[in-house]
1. Considering only the range 181-196, I want to know if a residue exists there that is of a type outside the set (Gly, Ala, Ser), over 15 Å from VAL120 (Cα atoms) and outside any helix (DSSP H, G or I).
2. List pairs: first residue in the range 126-143 and in a helix (DSSP H, G or I), second residue among the aromatic types (Phe, Trp, Tyr) anywhere in the structure, Cβ distance under 8 angstrom, at least six positions apart or on different chains.
3. If we keep just the residues of the range 104-123 that are of a type in the set (A, V, I, L, M) and under 18 Å from GLU261 (Cβ atoms), which is surrounded by the most Cβ atoms within 10 Å (Cβ to Cβ)?
4. Please indicate, with yes or no, whether at least one residue in the range 166-175 is surrounded by fewer than 23 Cβ atoms within 10 Å (Cβ to Cβ) and over 30 Å from ASP42 (Cα atoms).
5. Can you find a residue that is buried (at least 17 other Cβ atoms within 10 Å of the Cβ) and of a type in the set (Gly, Ala, Ser) anywhere in the range 37-50?
6. Would you confirm whether or not the range 204-227 contains a residue that is under 17 Å from GLU261 (Cβ atoms) and free of Cβ contacts under 8 Å to residues at least 12 places away in the same chain?
7. For the range 53-70, which residues satisfy the criterion of being out of contact with any Phe, Trp or Tyr (no Cβ under 7 Å at 6 or more places or on another chain) and either surrounded by 14 or more Cβ atoms within 10 Å (Cβ to Cβ) or in the same structural domain as ALA142 (by TED's automatic domain parsing) (or both)?
8. Could you count how many residues in the range 203-226 are among the small types (Gly, Ala, Ser) and either under 17 Å from PRO241 (Cβ atoms) or in a strand (DSSP E or B) (or both)?
Amino acid sequence: MKHNLPKPKKNKPASDPIPSQPTEEIDLTYGRHAVLAALKGDRQINRIWITDKLLTHGQFYPLVKEAKANGTIIDEVDSRRLSQLTQGGNHQGIAAQIAPYTYWDLSKLIDRAKQTPEPVIVIADGIEDPHNLGAIIRTAEALGVQGLIIPQRRAAGVTSTVMKVAAGALENLAIARVVNLNQAITKLKEAGFWIYGTTADTDNLLHQTNFSGAVGLVVGSEGKGLSQLTEKNCDKLVAIPLTGQTPSLNASVAAAIALYEVFRQRQ
């Protein structure tokens, strides 16, 4: 296919503003699903690095052309350059520098969620691993969660790693980042949400719990689980029954199991 996008030089000069080893602040995301979702979303894309083969792909060409018209710089590069930019990541022929994620105001997130009958909001209590946060975002969006709340301190925020793991789900899930997580939980309660905390230290089993109504599901951090104050502020604690020798689950896996049970009950 013949295309009208100008071809820059294959080898970028030393003045290329993106270093060979990008930092998290650059918000470099890569992979077909993640970049495709960004192209279809509302966030500004500052720059795209793409191979010639993918540029002429019917799914990408019109979106890349539209992005260029909106001011995005398009760099046609080879796979080696993309591997350098992504530090050997599975780029699948494309990478993009995306404007930083704009977090939702908590009140607006709650108001938006309440437009859905029996809304579900996930509260991540100190998830530090961006891979876990990205996986939680992907699962939450896939199952139909209305929003996610994360703390501002001692927890992962929305970074390029989170965007990559979320595989595009980030563009369709409202996320609020708050200074005080327990104050946010109080606001959810005032809005009619019932707060459930996931923990191993309770006899209330997940599949025996009624999750009707507006639900706030709290998922604890990887090593410590729920903080003492957050656990105290939950209306009810629930546990995933385990019968093997492994005492606990990965945070994102526990979140996925708990969310599946919540939505299974609503089918």
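1. no
2. LEU143/TYR260; LEU143/PHE263
3. Only one residue fits best here, namely ILE123.
4. no
5. Yes, the range 37-50 contains at least one residue that is buried (at least 17 other Cβ atoms within 10 Å of the Cβ) and of a type in the set (Gly, Ala, Ser).
6. yes
7. THR56, HIS57, PHE60, TYR61, LEU63, VAL64, LYS65, ALA67, LYS68
8. The number of residues fulfilling the criteria is 4.
The values are calculated or read from the model by the stated rules, or taken from the named source; none is laboratory data. In this text the structure is predicted, and so the values were computed from the model without any measurement. Glycine gets a Cβ as well: all are built from the backbone with ideal geometry, and neighbour counts include every protein chain shown.
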